[in-house]
Amino acid sequence: MRKLTVVLMIFVLFLSACSNETDKKEGKSKDEKSKDEMVQVTIPFRFYDGVSEEQVLEQADKLGISKTTINKEDRLVEYEMTRGTQEEISADLKSNLKSFVEEIEANEDISSIKDIEYNKEYNDYTATVNRELYEADGNAQGYALLGLLLRTLYYHYFNGEDYETYEVKIDVKDEDTNKVFDTVDFPGEDGGF
């Protein structure tokens, strides 16, 4: 399931810059200049587990990402791109987050998860579940929520959030009692997943 989530994130991700002088000559508006501004995005390499460095570099190039650096020592992938490219990729990631929530809710193989609510920042979720079904298979159905957590983190990291401190939380609520009985979060109490 984790490899599938990682592969899906790679495909979602993989769907240059003009100088100020060129902007002035062409008479670009402030919004157009802003889209040409270079930005940097840092993603922990764990999001690419099972994907070769060559695949990461090839896909980034296909998307028009200006520069990709794989920092092996710190286990990070560092992207440099125009703000316009970042906004396009971010919009795709956001759309895919919404679609993924809908897929979880509709998937008969994940029948314990009945509804997922989220805030407009996509960092605080509440999953309403049939607790008996949810716990019956050793929380294996909870892997869908872990996939949602990973996709959410990736979306926020791609928008420039700090990968070391950004927090995402998914409360798991019993549909019968309306009480939260589990929480999937990052960073967790141990600082990780």
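The values are calculated or read from the model by the stated rules, or taken from the named source; none is laboratory data. This is a predicted model, so every value here is computed, not measured. Because the Cβ atoms are built from the backbone with ideal geometry, glycine has one as well, and the counts that use them run over all protein chains shown. The accessibility values were calculated without ligands, DNA or RNA, using every heavy atom of the protein model including side chains. Shrake-Rupley method; radii C 1.70, N 1.55, O 1.52, S 1.80 Å.
Within the stretch 91-146, how many residues turn out to be over 23 Å from Thr177 (Cβ atoms) and among the basic types (Lys, Arg)?
Total meeting the criteria: 3.
If I go through the stretch 42-62 residue by residue, how many of them are under 18 Å from the mean Cα position of the chain (by Cα) and either open to solvent by 30 Å² or more (accessible area, probe 1.4 Å) or farther than 17 Å from Leu93 by Cβ (or both)?
The qualifying residues number 6.
Does at least one position in the stretch 152-170 carry a residue that is out of contact with any Phe, Trp or Tyr (no Cβ under 9 Å at 6 or more places or on another chain), over 29 Å from Ala60 (Cβ atoms) and not aromatic (Phe, Trp, Tyr)?
No, every residue in the stretch 152-170 fails to be out of contact with any Phe, Trp or Tyr (no Cβ under 9 Å at 6 or more places or on another chain), over 29 Å from Ala60 (Cβ atoms) and not aromatic (Phe, Trp, Tyr).
Please tell me if Leu93 is open to solvent by less than 30 Å² (accessible area, probe 1.4 Å) and either at pLDDT below 90 or within 21 Å of the chain's Cα centre (by Cα) (or both).
Yes, satisfied.
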